[in-house]
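Readers should treat all values here as calculations from the given coordinates under stated rules, not as data from a laboratory. Predicted model only: the values in this text are computed from it and were never measured. When we count neighbours, we look across all protein chains shown, and the Cβ atoms used for this are built from the backbone with ideal geometry, even at glycine.
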Amino acid sequence: MTSEYNRKFILLVLIPIFIEAVIFLVIPILGTIGISFTDYNPIAHRMDFTGLANFKNLAGDADFIIALKNTLIFTVVAVTLNIIISLTVATMISALRSNKTRSFFRMIAFLPCIAPMVASAVVWGRSILNTKIGLINQIIEKLGGKGIAWTGDARFVMISVIVFTLWADLGYNIILFCAGIDGIPNEFYEAAVLDGTTSWQKFRHVTLPLLGRTTTFVVLMTLISYFQMFAQFSVLLYKDGPQHSGLVLTSYIYKTAFVYKNMGYAAAISFVLFLLILVVSLVQQRFNKVDWEY
């Protein structure tokens, strides 16, 4: 009787979540898929069914190819650096003996995440990456070098955006990795010390394997988030950067939908981005499956 009551209570509690998921997740996805098969212009009040025409046009769209390439480059490089740096910093913080010291450095690492991404991008664009008065160029010039157009030179646009993104977003993963490391029982490290292992060997053979589930979650969430990055590309760059060097899929979707008012084509691009995230997420989960307990 108690088990049946608990089951009904759980279902009752989950009903609002299911309703919210249907309204704000399932219906928008299905609606986007439906619109992607049309030539929908809200200004002209026109929605003509075009079948797969929008998807066929993507193959010959030079801007879409550039946006796809830039999105993949940004995601692969930024996620890789994010995981390496955040895991390294989290390991160093967790190695500190004092709880107060660990808490202090965690707070420092998380501070950039508090500020809104748009506000941070405005500050970076005007005071750090600015070609004439930017902090980085002032340091370079003081050292005898020549200032760089960080957001005005196609060679440095993606580097600038990646560096800013890492600064603004590393804190989340540092906190998650710290929590994962702190959750590893000390008995494993004590056994490693008795075996005479070095710090690197403890990290390689104890911390990394036992941090598998946290790493899988962090990598997956970071991948999904970075595929959808939009704010910094819109704020830091002027018209997607020189030679479309900062054009990504999210920016192209926005421009196609709200500047050109071609909702059908924008929906097709959105569906491609959705499939890309879905495939990458499934592959990542497949290769990072963890089957252990401690």
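Points to keep in mind about this one:
- Residue by residue, the range 218-227 carries 3J(HN,Hα) couplings of 5, 4, 5, 5, 5, 4, 4, 5, 6, 5 Hz when phi is fed to the Karplus relation 6.51 cos²θ - 1.76 cosθ + 1.60 (θ = phi - 60°); x denotes Gly or Pro.
- Given R0 = 35 Å, the distance between the Cβ atoms of MET92 and ASP63 translates into a calculated FRET efficiency of 0.25.
- Mean sequence separation of contacting Cα pairs (under 8 Å, at least six apart), scaled by the length of the chain, corresponds to a relative contact order of 29 percent.
- Taking a straight Cα-Cα cut-off under 27 Å and skipping sequence neighbours fewer than 8 places away in the same chain, the lysines within cross-link reach of LYS100 are LYS202.
- By the count of other C-beta atoms within 10 Å, a proxy for reagent exposure, THR256, THR91 are ordered fewest to most as THR91, THR256.
- For the range 213-255 and the range 63-112, distance of Cα centres in Å: 16
- Cα gyration tensor shape of the range 28-115, rounded if a/c is under 1.5, else prolate or oblate by comparing a/b with b/c: prolate
- By the count of neighbouring beta-carbon atoms within 10 Å, fewest first, ASP39, ASP195, ASP169, ASP63 end up ordered ASP195, ASP63, ASP39, ASP169.
- In the chain, the calculated helix contribution to ellipticity at 222 nm averages -21000 deg cm²/dmol per residue, counting -39,500 (n - 2.57) for every DSSP H run with n ≥ 4.
- 3J(HN,Hα) from dihedral phi, the range 182-189, Karplus parametrisation 6.51/-1.76/1.60, rounded to Hz, x for glycine, proline: 5, x, 6, x, 5, 4, 5, 5
- Each label was represented as a point 7 Å from its Cα along the Cα-to-Cβ direction; for ILE10 and LEU72 these points are 4.2 nm apart.
- Shape class for the range 92-240: prolate, because the ratio a/c of the largest to smallest gyration tensor axis (alpha-carbon atoms, square roots of eigenvalues) is 1.5 or more and a/b beats b/c.
- Cross-link partners of LYS142 among lysines, defined as those whose alpha carbon lies under 18 angstrom from its own and excluding same-chain residues fewer than eight positions apart: LYS132.
- Beyond 25 Å in Cα-Cα separation lie the following of the pairs LYS69/LYS239; LYS69/LYS255; LYS69/LYS146; LYS56/LYS261: LYS69/LYS146.
- Order of ARG46, ARG286 - criterion: other Cβ atoms within 10 Å of each residue's Cβ, fewest first: ARG286, ARG46
- Take each peptide in 7-17, 155-165, count the other Cβ atoms within 10 Å of every residue, and average; sorted highest first, the result is 155-165, 7-17.
- GLU20-PHE230 FRET efficiency (beta carbon distance; Förster radius 25 Å; 0.05 resolution): 0.60
- With the simple model of a label 7 Å out from the Cα in the direction of the Cβ, ASN41 to GLU187 spans 7.0 nm.
- The protection proxy used here, the mean number of other Cβ atoms lying within 10 Å of each residue, ranks peptides 48-61, 125-138 as follows, highest first: 125-138, 48-61.
- A simple spin-label model places the labels of ARG126 and MET221 3.2 nm from each other, with each point 7 Å out along Cα-to-Cβ.
- Taking a ≥ b ≥ c as the square roots of the Cα gyration tensor eigenvalues, the range 1-152 comes out oblate, since a/c reaches at least 1.5 and a/b does not exceed b/c.
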